[in-house]
Every structure is written in C-alpha cells, then in structure tokens.
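Engineer: Here's a structure for you.
The values are calculated or read from the model by the stated rules, or taken from the named source; none is laboratory data. Just so we're clear, the structure is a prediction, and the values are computed from it rather than from any experiment. All Cβ positions, glycine included, derive from the backbone under ideal geometry; neighbour counts span all protein chains shown. Accessible surface areas use protein heavy atoms only, side chains included; no ligands, DNA or RNA. Shrake-Rupley method; radii C 1.70, N 1.55, O 1.52, S 1.80 Å.
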Amino acid sequence: MARPNGQRLFLLLGFIGPSISTLMSGGKSALKAVRLQTEARQPARAMGPYSHLHRSQQPGEIRRLSSEGSSVEISKDRWRNRRSLSSSRRGRLRVHALTLQESVTADLFATSLFPYLGFLYYISRKEVGMNFVTNFGFQFLVAFVVASIPASLYAISHYQSTLSDVDWLHGSAEGLLTVTNLLIVLGLRLPSTQEQKIQGELNVLSAVTRPFSVLAVGVFMASVVTLIFQHPVGDHEPYLWGVGNLGTWVNALEPRAEPDNALSVATWMVHWSSLIEWVVAMRLIWGLADRTGNEEWKQLTWAMVPLHTSAVCAVTYHVFFNDKSLALLQTIQASTTLFGNGLMMYASYKIAKSFGWGTNPETEPNQSHSSTEAQAGSDGQGTRVSITGEPLAADSGLDGSKGLDVAGLRAEWWEEMQLVGRLVGVVAALSYVTKYGATASDMFYHPDLRVAIGIVGAATAANILQWMFLDENDSEDAPLF
C-alpha cells in the first residue's frame with residue numbers, strides 16, 4: 001500500500017537522522033583519537049612573522065624534523081615541490097579532546113540536515129510545479145553531505161588532518177556541491193511542470209544534453225576519477241593531480257612561499273563555481289515570482305542569503321590557508337547553514353500552501369496560483385511566452401512535443417553554452433587570482449579574525465543590497481555578470 005507523503009518524510013528522517021548522528025559521533029571519536037600528531041610531526045614553531053605557517057615553514061630555508069628526529073634543512077623550491085611525508089612519519093600519538101567550539105560546530109552541521117530535508121519535502125510537492133531537474137538538483141545536496149562525512153573521517157584517520165587540508169579529498173567532496181548547484185541552475189532555467197502544459201513536455205534526453213548538464217557530469221566525473229585513482233601518500237597532494245596549477249616555474253615569481261595546505265586551482269574553481277551558481281539560482285528563483293504570479297518565491301530567495309554567507313565563510317577560511325585561529329568562521333558557517341536551511345524550509349512551506357497544497361478542493365475554494373495564466377506560460381493576455389519571456393509561435397513546442405521549435409531550441413542551447421563559457425571564465429580568473437595573488441600580501445599570512453569577519457560581512461551586505469535594489473528589468477543572470 002502506498003504511504004502518504006508525510007509518512008514517507010518521517011520514515012526518511014527516522015532512517016537518516018540516527019545514521020548522521022552515528023557518523024558524526026564516530027567523527028568526534030576519531031578526531032579525539034587522531035588529532036593526534038606525532039612528536040616528530042610537531043617540531044617547535046619558529047618565532048617570527050611566518051611562524052604560524054604549517055610545519056614551521058619560512059620564506060627562505062625551511063627547518064623540518066625528519067622521522068628520525070634529526071633536523072633537516074630544505075630549500076624553498078625543494079620544499080614546495082616535494083611530496084608530504086606526513087603519512088610516513090612515526091611517533092607516539094597524543095590524544096587531544098575536541099574543544100567546545102569544535103563540538104558545537106559539528107553538532108550545528110549535523111542538525112542543519114533536518115530542516116533541509118523538510119525543505120526538500122515541501123519544494124517537491126506537485127502543486128509547487130518544480131520540474132524533475134530542479135528537484136533532483138536540490139536532492140543531490142544530500143549526496144554531498146553524505147560523502148563529506150566519510151571523507152572527513154578518512155582525512156583524520158589516514159592523514160591526521162582535517163578535510164580542508166587534504167586537497168585531493170577536499171576538492172572531490174566540494175565538486176559534488178558544484179554539481180548540485182549546476183543542476184539547480186539548469187532546472188530553474190527549464191520550464192516548470194505547469195509551463196510544460198503549454199510549451200510542451202520536458203524529457204530527460206533534452207535535459208541531459210544541455211550545456212549546464214554536461215558541465216555537471218564533467219565535474220562529477222572529475223571527483224569520481226580522483227577518488228578512485230588518486231591515492232597519494234602525502235596529505236597535500238593536489239586535487240585532480242594538480243590540473244590547472246601553473247607549476248614550479250612560478251615559484252620564483254611568488255614573493256612568499258605558499259603553505260603546503262594551500263588549495264589547488266581546481267579546488268578553488270569548484271569553490272568559486274558553487275558560490276556564483278548559488279547567487280544565480282537565487283536570481284532565477286526571484287524570477288519565478290514573475291513567471292508564476294506568486295510573490296512567495298521572493299521569500300525563498302531571501303531565505304537563501306544565509307547559505308550564501310556560509311559559502312563566503314568557507315572561501316574566506318581557505319584564503320587564509322585554513323589557519324586555526326579563524327576557527328570561529330567554521331562555527332559561523334555551520335550556524336548560517338542551519339539558519340538558512342530553516343528559513344528555506346519555512347519559505348518552501350509557504351510556497352506550497354500558496355499553490356494549494358494541503359487544501360481540500362471539495363470544501364475550500366482553490367485560491368492557489370497554480371492555475372493562473374502566468375504559471376501556465378502565458379503573459380496574461382493569452383500570448384504564450386518562453387521561460388525568458390519571449391513570445392512563442394502558436395504551433396511551437398519544447399523538447400520533443402508536437403510542433404517542435406528546432407530553431408528556438410538551438411538558439412536557447414547556444415545561449416546557455418555562452419553562459420557556461422562565461423561562468424567557467426569568471427571562475428577560472430577568480431581561482432588563479434585567489435591562489436597566486438594571496439602570496440602577494442602579508443595579510444593572508446597574518447590572519448586576523450576581525451578582518452576575516454569583515455570580509456564575510458561585506459559580502460553578505462552586498463548580497464542583501466542586491467535584492468533590496470534589484471532592477472526588475474535586469475536579466476535573470478544579472479548577479480553573475
């Protein structure tokens with residue numbers, strides 16, 4: 001017998017909840033057991049302006065203790081290019097308990113999953129009209145969450161390090177978040193289920209051949225290939241074998257040596273891509289208010305603001321080379337994730353109710369927006385319009401429907417291809433500037449919590465102002481370009 005949707009949700013929560021709690025508890029136990037650094041791995045830190053860098057590195061000569069405990073001098077260039085010997089070092093393990101802040105951060109991240117599951121439930125109601133690509137995109141985020149937990153445990157147990165410092169694992173996990181956001185953007189650019197009643201039914205083949213879909217598959221395969229075939233001895237081996245890194249020839253041009261836990265170009269690209277795609281998704285959701293005639297969609301955009309702040313916290317933490325003095329950023333990241341997921345759940349509930357979900361059509365008048373001409377792909381005067389608001393011919397369809405407008409589909413595909421090209425270009429430029437530009441300033445080698453929080457606050461304020469003063473005539477991709 002088919003179960004009611006509400007019962008399915010509670011069964012899902014009942015299954016996933018204890019599983020996540022168990023994994024997080026295991027993570028805490030592992031962290032207590034292996035945060036653990038051998039006495040050989042913990043030489044006394046040298047004093048000076050660069051004393052906070054990992055393994056006491058200095059801009060010129062680097063003093064490091066070998067596995068036998070003897071002092072070894074390693075030149076700047078040799079140190080940069082050699083593989084980490086962290087996993088080969090031996091010594092007595094020292095157990096450090098989690099701090100209160102670390103424990104709270106882990107609990108906040110774990111708890112944030114539950115309101116997100118509530119959001120998935122409400123946003124996927126058939127009355128809301130989200131197409132299958134958008135729903136799958138939002139649901140795929142759970143894969144990122146589930147994959148991040150064992151990746152973190154592996155980083156702790158195998159490398160005695162955090163996930164942020166193990167670049168090949170870090171980039172692989174973060175790539176799944178990029179896939180999520182790419183699918184969300186693609187889905188929001190496609191017709192909703194109500195719009196398909198007028199424009200023609202959307203089929204799977206047409207969706208998977210779109211440029212955003214192809215890019216998402218490429219990022220996903222990069223993560224899978226890295227996880228399957230790249231098993232480095234050292235913890236700081238770059239993601240995807242360092243594809244995109246400029247190589248050793250730029251070392252002489254860098255005014256300061258990069259710490260060995262600095263992110264690779266490919267890892268920076270998945271971070272910047274996720275951040276930008278989320279803002280684009282916010283703009284597309286804002287546009288749903290015009291497409292459907294339902295202003296509740298704008299509330300979902302506002303609910304996504306804290307999650308943008310969460311992503312900015314992560315980027316800021318990484319640009320300061322994951323310095324532990326900025327651990328408060330991780331707590332802020334976890335808090336804004338929980339807060340944002342809660343707001344998104346409430347906003348999606350309001351959207352579902354506004355479209356008639358939960359009402360009894362036999363006893364209550366249907367005041368939902370699902371039957372309006374705007375939701376059906378009309379401009380209110382009987383003229384059929386496309387997803388971008390352009391008038392459609394009377395016999396045109398979409399994606400395999402009768403009267404397929406091949407020329408229109410080709411133009412739409414090419415437009416999306418140009419958008420993907422611009423996205424990749426912007427992301428690549430930001431990634432190279434971030435990775436190699438950070439060595440030009442002492443600020444990133446002397447982390448200041450006030451400066452870091454100021455960066456996060458400024459980015460959040462800019463995002464809020466964007467929605468407060470948004471020009472209704474802007475294109476849906478205006479925040480990106």
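Engineer: Of the GluC sites (Glu not before Pro) in segment 261-300, which ones lie in a loop per DSSP and count no more than 14 other C-beta atoms within 10 Å? Numbers along the way, then the final one.
Structural biologist: Values: sites: Glu277, Glu295, Glu296; in loops: Glu295.
Passing both the DSSP loop test and the Cβ count: Glu295.
Engineer: Hey, another quick one. Any chance you could check the Cα centroid distance between segment 164-186 and segment 211-266 for me, in angstrom?
Structural biologist: 13
Engineer: Okay, moving on. Please compute the alpha carbon radius of gyration of segment 220-345, then divide it by the globular-protein estimate 2.2 N^0.38 Å. Two decimals is fine.
Structural biologist: Working: Rg = 18.5 Å, N = 126, 2.2 N^0.38 = 13.8 Å.
It is 1.34.
Engineer: So, one more: Need the full-extension length gain, Tyr432 to Asp290, defined as separation in residues times 0.36 nm minus the C-alpha distance. One decimal, nm.
Structural biologist: Values: separation 142, 0.36 × 142 = 51.12 nm, distance 3.74 nm.
Net length gain for the segment: 47.4 nm.
Engineer: In percent, how large is the relative contact order of segment 203-350, given Cα pairs closer than 8 Å and 6 or more residues apart? Walk me through the numbers before you get to the answer.
Structural biologist: Numbers: 106 pairs, mean separation 26.7, N = 148.
Normalised by residue count, the contact order of segment 203-350 is 18 percent.
Engineer: With the other protein chains left in place, how much accessible area per residue, in square angstrom, belongs to segment 286-333 at a 1.4 angstrom probe?
Structural biologist: Accessible area per residue, segment 286-333: 27 Å².
Engineer: Could you provide, to the nearest whole Å², the per residue accessible area of segment 102-243 with probe 1.4 Å? Write down the numbers at each step before the final one.
Structural biologist: Details: 5000 Å² over 142 residues.
In whole numbers, segment 102-243 has 35 Å² accessible per residue.
Engineer: Next question. Quick check: at a probe of 1.4 Å, how many percent of the accessible area of segment 185-304 sits on carbon and sulfur atoms?
Structural biologist: On the way: 3010 of 4330 Å².
Heavy-atom surface of segment 185-304 belonging to carbon and sulfur, 1.4 Å probe: 70 percent.
Engineer: So how long is each side of segment 107-191 along the principal axes, counting just the alpha-carbon atoms, biggest first, in Å?
Structural biologist: Ordered largest first, segment 107-191 gives principal extents of 48, 25, 13 Å.
Engineer: Moving on. Report the charge-dipole magnitude of segment 252-328 in Debye, nearest 20, computed about the Cα centre from +1 at each Lys and Arg Cβ and -1 at each Asp and Glu Cβ.
Structural biologist: Values: 5 positive and 8 negative charges, 25 e Å.
Here segment 252-328 has a charge dipole of around 120 debye.
Engineer: Calculate, for Leu98 and Leu465, the FRET efficiency according to 1/(1 + (r/R0)^6) with r their C-beta to C-beta distance and R0 35 Å; round to the nearest 0.05.
Structural biologist: Values: r = 38 Å, r/R0 = 1.08.
Result of the calculation: an efficiency of 0.40.
Engineer: With unit charges on the beta carbons (Lys and Arg positive, Asp and Glu negative) and the dipole taken about the Cα centre of segment 239-366, which residue among Val243, Thr359, Leu328 sits farthest to the positive side?
Structural biologist: Positive-end residue among those listed: Leu328.
Engineer: Provide the packing ranking of 310-316, 184-190, 110-116, 455-461, i.e. peptides ordered by the mean count of other C-beta atoms within 10 Å per residue, highest first.
Structural biologist: Peptide ranking by packing, descending: 184-190, 310-316, 110-116, 455-461.
Engineer: Another question, if that's okay. Between Asp107 and Lys197, what is the FRET efficiency for a Förster distance of 56 Å, r being their Cβ-Cβ separation, to the nearest 0.05? If you can, show how the numbers build up before the last one.
Structural biologist: Details: r = 45 Å, r/R0 = 0.80.
That pair, Asp107 with Lys197, gives E of 0.80.
Engineer: Okay, next question. Post the alpha-carbon centroid distance, segment 286-362 to segment 414-473, in whole angstrom.
Structural biologist: Value for the Cα centre distance between the two parts: 19 Å.
Engineer: Let me ask something else about it. Between Arg422 and Phe229, what is the spin-label point distance in nm, taking each point 7 Å from the Cα along the Cα→C-beta axis?
Structural biologist: 3.4
Engineer: Related question: Rounded, prolate or oblate: pick one for segment 165-219, where a ≥ b ≥ c are the square roots of the eigenvalues of its C-alpha gyration tensor, a/c under 1.5 means rounded, and failing that, prolate if a/b is larger than b/c, else oblate. Spell out each step's value before the answer.
Structural biologist: Details: a/c = 5.01, a/b = 2.88, b/c = 1.74.
It comes out prolate by the Cα gyration axes.
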